[in-house]
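Take a look at the structure below.
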Amino acid sequence: MILLGNQISERHWNGKSPFELYQQMWLIRYFDEKVDEMFAKGLIHGTTHLCVGQEATPVAACTALMKQDKITSTHRGHGHCIAKGADVAKMMAELMGRTTGYCKGKGGSMHIADLEGGNLGANGIVGGGLPIAVGAALTSKMLKENYVVLCFFGDGASNEGSFHEALNMAAIWDLPVVFFCENNQYGMSGSVKDMFRIENIADRSQAYGMPGHVVDGNDLQEVYDVVQAAVERARRGEGPSLIEAKTYRWKGHSKSDGRKYRTREEEAEWKAKDPIARFGQRLIDEGLATQHRLDELRKKALEEVEQAVVFAEKSPFPTIEMLEEDVYAL
């Protein structure tokens, strides 16, 4: 049974306090805003895809997982990485091409992986994480390792062949995987209204004989409850689920996107649904926090990001010799 609408004070968050979740959402936002700033200054190279405005989905979904559980991420994966417990200092070092980064500075924004923390990696290929998640879930089932895989993907990926193949295989083999679609309304510059003839992407679950759920992606509690139920179902051996979280990215598809395909009025409408402000207000309304307490948590998140920048800037670049390392598997 999925329980929705309870007071925050009556909920359990898998061992975490609501204050930790609030601070983690701010950590994700400040991290991506800092990355945006550093790209503009030429301190980070390549490209990046920011998840500002989508902070509730990774935090809620990853909070529903156990430590041994895995995730697969996307090109817009900084939030997933942080929510799964990554060190933002090592993440910042990775984006700045330093040897102290998660992939020794060789992966960059779209390819951060933290295998020790259960993050099997971000992916520059749209829909690329779907078959990887199914493979990891198959491993869990065959080796009886009892971990669940949470597969993040965007609305655009659900029109890729890998989506249909992955869901079908996971369904027929009852694999412990939860497919989690972050529907931020646009696949690059194409609106979901022009890309689908169905109202909800989660409705596609019926074709594969698995449960499908649509949630408000800006409501941290609702996302958590639904993902937790799906994770528990998968761990019991009852197979996969498809969850669609409707949310919105405040910034462009990538750093070079002028957002000409949508109006500023639409953006303002979604910003009024800010998931962080929404959760913070609930904490205040239920008497769990004061605005002063929330401001302190917000400040701590900002300080952690600033410290991550200092760590990254002091870290060394790879040497010429290091470029030949980690290229081939022995």
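The values are calculated or read from the model by the stated rules, or taken from the named source; none is laboratory data. Just so you know, these numbers come straight off a predicted model, no measurement behind them. Here the Cβ positions follow ideal geometry from the backbone for every residue, glycine too, while neighbour counts run over all protein chains shown. Accessible surface areas use protein heavy atoms only, side chains included; no ligands, DNA or RNA. Shrake-Rupley method; radii C 1.70, N 1.55, O 1.52, S 1.80 Å.
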For the chain, give the percent of accessible area contributed by carbon and sulfur heavy atoms, probe 1.4 Å, rounded to a whole number. 52 percent
Under a 1.4 Å probe, what is the accessible area of the chain per residue, stated in Å²? 46 Å²
Per the C-alpha gyration tensor (a ≥ b ≥ c, the square roots of its eigenvalues), the range 240-288 is rounded if a/c is under 1.5, else prolate if a/b beats b/c, else oblate; here it's oblate
Qualifying aspartates and glutamates (Cα of each under 15 Å from Cα of Lys255; at least 8 residues distant if same chain): Asp32, Glu33, Asp36, Glu37
Which residue, Asp194, Asp216, Asp155, has the most motion in a Gaussian network model of the chain that connects Cα atoms within less than 10 Å? Asp194
In whole percent, the Cα-Cα distances of the range 249-330 spread across 10 Å bins from 0 upward as 13, 20, 26, 23, 14, 4
For Gly105, the net charge from surrounding residues (Cβ-Cβ under 12 Å; K, R +1; D, E -1) works out to +1
Any chance you could run the full-extension gain for Ala277 through Ser256? It's 0.36 nm times the residue separation minus the Cα-Cα distance, nm to one decimal. 4.8 nm
Tell me whether the range 1-114 comes out rounded, prolate or oblate; compute the Cα gyration tensor, take square roots of the eigenvalues as a ≥ b ≥ c, and use a/c under 1.5 as the rounded threshold. prolate
Using only the Cα atoms of the chain, build the gyration tensor, take square roots of its eigenvalues as a ≥ b ≥ c, and label the shape rounded, prolate or oblate: rounded if a/c is under 1.5, else prolate if a/b is larger than b/c, else oblate. rounded
Accessible heavy-atom area order of Arg236, Arg29, Arg259, highest first, probe of 1.4 Å: Arg236, Arg259, Arg29
In a Gaussian network model over the chain where Cα atoms closer than 10 Å are linked, find which of Met210, Met25, Met195 has the largest mean-square fluctuation. Met195
Proximal lysines to Lys104, defined as alpha-carbon separation beneath 20 angstrom and excluding residues fewer than eight positions away on the same chain: Lys84, Lys90, Lys314
Relative contact order, percent, of the range 178-314 when contacts are C-alpha pairs under 8 Å separated by at least 6 residues? 27 percent
Check the straight Cα-Cα distances from Lys246 and name the lysines below 16 Å, setting aside those fewer than 8 residues away within the same chain. Lys193, Lys271, Lys273
Sorting check: for 106-118, 278-290, which peptide has the highest mean count of neighbouring beta carbons within 10 Å, and how do the rest follow? 106-118, 278-290
Using a Gaussian network model on the chain with a 10 Å cutoff between Cα atoms, which of Tyr22, Tyr248, Tyr261 fluctuates the most? Tyr261
Using packing as a proxy for protection, rank 318-328, 49-59 so that the peptide with the highest average count of other Cβ atoms within 10 Å comes first. 49-59, 318-328
With a 1.4 Å probe and all protein chains kept in place, how much accessible area does Phe19 have, in Å² rounded to the nearest 10? 50 Å²
Which order do Ser158, Ser256 take by accessible area at a 1.4 Å probe, largest first? Ser256, Ser158
Quote to one decimal, in nm, the extra length available between Asp203 and Thr47 on full extension: 0.36 nm per residue of separation minus the C-alpha distance between them. 52.9 nm
Over the chain, what is the relative contact order in percent, taking alpha-carbon pairs closer than 8 angstrom and at least six residues apart? 24 percent
